[in-house]
1. Could you check segment 387-460 for helices (runs of 4 or more DSSP H) lying wholly inside it with 1 or more residues that are at pLDDT 90 or above and either more than 17 Å from the chain's Cα centre (by Cα) or crowded, with 23+ Cβ neighbours inside 10 Å (or both)?
2. With respect to T56, is the statement that it is modelled with pLDDT under 80, crowded, with 22+ Cβ neighbours inside 10 Å and out of contact with any Lys or Arg (no Cβ under 6 Å at 6 or more places or on another chain) true?
3. How do the pairs read when you match residues in segment 2-17 that are closer than 14 Å to V313 by Cβ and without any contact (Cβ under 8 Å) to a residue 40 or more places away in the chain with residues anywhere that are surrounded by 20 or more Cβ atoms within 10 Å (Cβ to Cβ) and not hydroxyl-bearing (S, T, Y), using Cβ under 7 Å and keeping only pairs 6 or more apart or on different chains?
4. Can you say whether L372 is more than 23 Å from I81 (Cα to Cα), touching a helix residue (DSSP H, G or I) at 6+ places or on another chain (Cβ under 8 Å) and of a type in the set (A, V, I, L, M), as far as the supplied structure shows?
5. Is there a residue being within 26 Å of F194 (Cα to Cα) and modelled with pLDDT of 80 or more anywhere in segment 96-108?
6. Can you tell me which condition R106 does not meet? The list is (1) assigned to a helix (DSSP H, G or I); (2) over 22 Å from the mean Cα position of the chain (by Cα), and all the others hold.
7. Please verify whether segment 276-291 includes one or more residues that are at pLDDT below 80 and not in a helix (DSSP H, G or I).
8. Determine the pairs where a residue that is over 11 Å from I85 (Cα atoms), located within segment 280-293, has a partner that is assigned to a helix (DSSP H, G or I) and of a type in the set (A, V, I, L, M, F, W, C) with Cβ atoms under 6 Å apart, the partner being 6 or more residues away or on another chain.
Amino acid sequence: MDANEILVIAMFLSFIALLFTGIPVAWVLGGIGIAFAFLGQFADNNLDTMTGLDYTTLGLVVNRLWTIMENWILVALPMFIFMGIMLDKSGVAERLMQSMQELFGRVHGGLAITITAIGIILAASTGIIGASVVLLAVMSLPAMTKQGYNMPLALGTIASAGTLGILIPPSIMLVIMADQLGLSVGDLFMGAVFPGLMLGMLYIIYILIRGKLKPEDLPVPDDAKPVTAAIVFNVLKDVLPTVALIVVVLGSIFAGIATPTEASGIGAFGATLLAIYNKRFSIPVLKEVVGGTMNTTAYIFAIFIGATCFALVLRELGGDEMIESFLTGLPFGPYGIIFFILGVIFLLGFFLDWIEITLIILPLLAPVISALGLDISAPGIDNPELVWFVMLVAMALQTSFLTPPVGFALFYLKGVCPPNVKITDIYKGVVPFIMIQLAALLILVFWPQLVLWLPTVAYS
């Protein structure tokens, strides 16, 4: 093992070790990159190594950062974040909760189905995990407790429904993935539609089956009313404005009328109009939304900066070639290698946020997938095997929000739960939904057309 390989392994081990110190991830990534650049220079000057690193390597970071800041695609990030937070404040979810609860009130698990359905709608309109989980918990947990729901099941439903926003477009994760791999945002958005809806439907099927097998875990409220035309009309009245906004944003991208960046601006404006329509718009609300957008965007771009420095030094050390040679040398065959990669990503999700995995790990894996020679065709799509693989990674990263010890959805949920709710109840509740996510991942592995069919049709 030469000096470069030792330094690559040391970089990853240092990163993992420092994560547990509580130092912000952005500082960890940037600090390790700077430290190992100078360490490489020291080794070359004093230990007769040939790492090729010196302080001028870090000068390349400036050019990389400038490229990031002037990237037109990334302008969509703050706009989609603004759209999500504004819709969170617009009162859409509360109206949907009230009307849809009446629609599914006489079904065992009707309230849980309502939460999942609202989670799907919020995912397609907001994409902000923290906001979705907190909002669903505040709105639904008291009602589920009053109805006598099994507590772990109630908590698992809220956490899993709230995390759908990371997969269902417009997802900020897919925007970042497209930027990192040079893929079309529109291709990834279209590719994620069916996987995202499929995952939501699998949640609902599980709830219905659980309601049949153990109705005492998902009781029907005593005051449940029969479904009437008025209830259906109220549901449609509350759903249609949000659905119309989603159709306009995603439809304009899919039809090629607007770029994702332009569509994000339309979405931000439309969310503001919905807030005005629901009489929830005010200057304090606008200040809160802008402040939340600024904080979230700053957090993401800080990690961008740190990850850029880390990745640059790693590549200068030959880390990408080292990883590619290791993975392609595994005696598993193409699909065996893919399963191995997905297993590693799943395990990394226990300790890392999706942003770090997307910015550091995903670009290193793209050449490996291209080198596997997968026979996946999709007319009109550039790099269809990469689009499919990205969706597999996105589904695997879906689990990272629910897996302890760094499952952010679990912490969001615990933060708004009553004191009597134990973290172990949340852990128990999310296990079935993690299993469902893994089952959905297997479905995508064996049926790539679930990802590629819609973009293929759009371009035919």
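1. Result: 423-446, 449-459.
2. Spelling it out, it is not the case that T56 is modelled with pLDDT under 80, crowded, with 22+ Cβ neighbours inside 10 Å and out of contact with any Lys or Arg (no Cβ under 6 Å at 6 or more places or on another chain).
3. Taking only residues 6 or more apart or on different chains, the pairs are S14/I32.
4. yes
5. No: segment 96-108 contains no residue that is within 26 Å of F194 (Cα to Cα) and modelled with pLDDT of 80 or more.
6. Unmet condition: (1).
7. Among the residues of segment 276-291, not one is at pLDDT below 80 and not in a helix (DSSP H, G or I), which makes the answer no.
8. F281/A275
The values are calculated or read from the model by the stated rules, or taken from the named source; none is laboratory data. Predicted model only: the values in this text are computed from it and were never measured. Heads up, the Cβs are rebuilt from the backbone with ideal geometry, glycines too, and the neighbour counts pull from every protein chain shown.
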